[in-house]
């Protein structure tokens, strides 16, 4: 945005607050870099000659598999529910998001139960063919790389779905309508117009899914899939080298940067501004014939069934054996803790994202841009390693304050921030900044700079322009960012577990302590609670965000649509 | 703008309220950082509170607590760190977050082999790494760890990941016994005998025997008790019924045992209560609770194992010092990578 040649005072304030914020967010990564500088001895030679090449290959395969499947499912279903009319579409619109609320390691566990020797599938096979033991027949092993790809894709595709769907909705209806008048069929409209236009959104959704699959430790350990993250923990815990573990974590971050950079290079010369200003008309939907309508319905149901219904049924079965736990006082406190942390953290995260993205829009400086980019990849760092990175600056600050008060006032304050809710919220903001920042940045990017110019000419300050013009336009994007961050905070485990105060439980930590003593049955109720609590904002926000896109006039079903689908 | 600010500050207060169980530094409390699950230690802590009136606060995590104590430094609220595995006890000492436990009561209760020579860690219970054998398909009544590399077991062994602390402990004890080169050969032999690549936890291995995927599995004893008494998942009782426990090397050096134990934090704010807790946990009373509820082996001489544990046979523990085993952990972890143990059988 260079229409304003001299920096105003308020513009400077934006720049400085964004710089400060990204600094605060970068601190833990710097702490890790500092740890990584301690000597690690001869650890790398050994690792490089043994497991690292394999872990690297496994990680690449896992990411490739999850990337391809999440993009395929996410984009296809997003296209179907935004651009086609078929039975059940309105419910699928939000139902497709539900699997996001299920923690990955819970789904992993559920599928082992389903496909394992004693599970229903193999029992049925044995019963049908009269086999006696596992040695009598071949059955694909769920605890494998393929199994991990399947399980992760089923819970991570909603990232791609949500961002792509928002992009399809926000795409100027007139652009799609014009393409249609020019004779585009549904298929060519999808491949030649909508898909290229949505590329940034797909990239954001896919990179979130990939970062999450990169830092996962629960499911990969359970499935015996040796990824780089597995090696990070292995190096730290079994080789007692946090330094080497930090080095590997940072190397993984470079990998993420390389990916993001490649993607950005690929669309460097493209700009994606929407020409229409505030109101987006829903594009005409293709009315599908009965056969195609049912096909579309099934296509959308499959991921929901696999990512949610199957695991949820299993959880419900286990939870029903322990229903009395719901009424326990601890369970209620746990739910409250979870909600309080997740709501505060998601609001803070979205606010920070808006400040960072808007400051960059005002003064697109390279230094600030790199700082912000660095700041938003905390997501890719293995959770516990990042948590240690967070502990160090927090505890150092605490100890500094305490020693100062001791020197000047005669009493120490002890630890104020570390070991409190503040520490956990700080961790959430760092971990999930990527989740909301990407969406908000791309949402802001879609707003034409002409709007800023007009607003400024009419006497609005930068801040007023943001509050009165941009934020209202961005409402659907803000809501979806809020939703994703909220659900992610609710599921977050490694940082919560390590940074929490005494006698403090969230739903995720309860799930974990049950799972860690190999008592998955007891994990069922809190897992189900995560899913159900996660469901409410999913439904609420998905409905609101869909309705904010729609204007009264948009529900037209013109003859064109009927003609195209016929 | 002002209303936004108010909303944000309101949310912060909400968060503060949510975390109101602030670090407890008052008298009459003891702060526990624990790698052991709350349900395992809760009965013991309840008994402790009842006996002494000291309230116990707990943070449970599976990793990173040592690093947390280190980062918190002299203001750390932690009094003690509870953990399984000798490697972690020794690791805490190496991190410099411990101080020696000076207590005649503890020294009287716990035999020297289960304590750090300088008193930086104290063992509280024993767990034996044993062999689960199929009742139908395994005839022999004795077994050795060395034998697991014998080709007669080809395709018949199940185990969890080689990088799991329990497996690392076992391999480290093999290194202590046979040296690195022989252990590497042995580990490669075991790898080739695996039925499939190492996944899942100890219970899952027993389930695999039940399923007929393998004949023997490596695991800790107490899982047997947990499966046998699992009323909520009765199917696990069936798994347990399909196996019996063989204590390896019962006829020579004895079975590999690992300990769960405790360290006293260097800057423990409630040091007196912390020592009181450690003394309590080493007492016959607490050791009995361990034995009855968690099916572990008491370390205090004279405390009986539970009836159920007794029914599995007699444990003869390997007498090698645990401090010696801890020294070989890093090499053990390297060997696991070197032979590609976690990739499963090479064919």
Original post:
Where in region B:295-347 are there helices (runs of 4 or more DSSP H), lying fully within it, with 3 or more residues that are farther than 15 Å from residue B:191 by Cα and more than 14 Å from chain A (Cβ to nearest Cβ)?
Top reply: B:307-311, B:322-327
Original post:
without any contact (Cβ under 8 Å) to a residue 40 or more places away in the chain and under 29 Å from residue A:480 (Cα atoms) - does that describe any residue in region A:169-179?
Top reply: yes
Original post:
So which residues in region B:208-219 are within 21 Å of the chain's Cα centre (by Cα) and either surrounded by fewer than 24 Cβ atoms within 10 Å (Cβ to Cβ) or not assigned by TED's automatic domain parsing to the domain that holds residue B:157 (or both)?
Top reply: B:218
Original post:
In region B:46-89, which residue that is assigned to a strand (DSSP E or B) and facing chain A (nearest Cβ under 7 Å) is farthest from residue A:386 (Cα to Cα)?
Top reply: B:57
**OP:** Give the residues of region A:481-490 that are buried (at least 24 other Cβ atoms within 10 Å of the Cβ) and either over 11 Å from residue A:100 (Cβ atoms) or within 11 Å of the chain's Cα centre (by Cα) (or both), sorted by residue number.
**Re:** A:481, A:483, A:484, A:485, A:486, A:487, A:488, A:489
**OP:** State whether one or more residues within region B:104-123 are in contact with a strand residue (DSSP E or B) (Cβ under 9 Å, 6 or more places away or on another chain), outside any helix (DSSP H, G or I) and within 14 Å of chain A (Cβ to nearest Cβ).
**Re:** no
**OP:** List the number of the failed condition for residue A:157; all other conditions in (1) touching a helix residue (DSSP H, G or I) at 6+ places or on another chain (Cβ under 6 Å); (2) modelled with pLDDT under 85; (3) closer than 30 Å to residue B:201 by Cα hold.
**Re:** (2)
**OP:** Only residues that are farther than 24 Å from residue B:230 by Cα and over 29 Å from the mean Cα position of the chain (by Cα): list them for region A:322-338, please.
**Re:** A:329
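A quick yes/no check of all residues on (1) on the phi > 0 side of the Ramachandran plot; (2) assigned by TED's automatic domain parsing to the domain that holds residue B:228; (3) buried (at least 23 other Cβ atoms within 10 Å of the Cβ):
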site	(1), (2), (3)
B:242	no, yes, no
B:248	no, yes, yes
B:281	no, no, yes
B:290	no, no, yes
B:307	no, no, no
Subject >> Residue check for residue A:255: buried (at least 24 other Cβ atoms within 10 Å of the Cβ), in a helix (DSSP H, G or I) and under 19 Å from the mean Cα position of the chain (by Cα) >> reply: no
**OP:** Could you tell me whether region B:141-155 includes any residue that is crowded, with 18+ Cβ neighbours inside 10 Å, part of a loop (DSSP other than H, G, I, E, B) and modelled with pLDDT of 95 or more?
**Re:** yes
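Yes or no, residue by residue, for (1) closer than 25 Å to residue B:279 by Cβ; (2) modelled with pLDDT of 80 or more; (3) surrounded by fewer than 22 Cβ atoms within 10 Å (Cβ to Cβ):
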residue	(1), (2), (3)
B:14	no, no, yes
B:21	no, no, yes
B:26	yes, no, yes
B:38	yes, yes, yes
B:48	yes, yes, no
B:51	yes, yes, yes
B:58	yes, yes, yes
B:76	yes, yes, no
B:93	yes, yes, yes
Original post:
residue A:520 versus (1) touching a helix residue (DSSP H, G or I) at 6+ places or on another chain (Cβ under 6 Å); (2) at pLDDT below 90; (3) more than 11 Å from every other protein chain (Cβ to nearest Cβ): which is the lone unmet condition?
Top reply: (3)
Original post:
Taking region A:25-60 as the search range and keeping residues that are under 20 Å from residue A:213 (Cα atoms) and within 14 Å of chain B (Cβ to nearest Cβ), which one is surrounded by the fewest Cβ atoms within 10 Å (Cβ to Cβ)?
Top reply: A:53
**OP:** Please enumerate the residues belonging to region B:151-183 that are more than 22 Å from the chain's Cα centre (by Cα) and within 12 Å of chain A (Cβ to nearest Cβ).
**Re:** B:155, B:156
**OP:** Run down A:436, A:420 and say which single residue is more than 9 Å from chain B (Cβ to nearest Cβ), surrounded by 19 or more Cβ atoms within 10 Å (Cβ to Cβ) and either modelled with pLDDT of 85 or more or within 15 Å of the chain's Cα centre (by Cα) (or both).
**Re:** A:436
Original post:
Given the conditions (1) within 14 Å of chain A (Cβ to nearest Cβ); (2) touching a strand residue (DSSP E or B) at 6+ places or on another chain (Cβ under 9 Å), and given that residue B:281 satisfies all but one, which numbered condition is not satisfied?
Top reply: (1)
Original post:
Has region B:198-219 got any residue that is touching a helix residue (DSSP H, G or I) at 6+ places or on another chain (Cβ under 6 Å), modelled with pLDDT of 90 or more, under 25 Å from residue B:317 (Cα atoms) and not in a helix (DSSP H, G or I)?
Top reply: yes
Original post:
Are there any pairs with C-beta distances below 6 angstrom linking a residue in region B:209-231 that is more than 13 Å from chain A (Cβ to nearest Cβ) and farther than 17 Å from residue A:116 by Cβ to a residue that is buried (at least 19 other Cβ atoms within 10 Å of the Cβ) and at pLDDT 90 or above, with the two at least 6 apart or on different chains, and if so which?
Top reply: B:216/B:131; B:216/B:133; B:216/B:157; B:218/B:159; B:221/B:128; B:221/B:130; B:228/B:240
Original post:
Do we find that residue B:261 is buried (at least 20 other Cβ atoms within 10 Å of the Cβ), in a strand (DSSP E or B) and touching a residue at least 40 places away in the same chain (Cβ under 8 Å) in this structure?
Top reply: yes
Subject >> Hits in region A:389-410 (condition: more than 20 Å from residue B:65 (Cα to Cα) and in contact with a helix residue (DSSP H, G or I) (Cβ under 6 Å, 6 or more places away or on another chain)) >> reply: A:402
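The values are calculated or read from the model by the stated rules, or taken from the named source; none is laboratory data. Quick caveat: nothing in here was measured; it's all calculated off a predicted structure. FYI the Cβ positions are ideal-geometry reconstructions off the backbone, even for glycines, and counts take in every protein chain you see.
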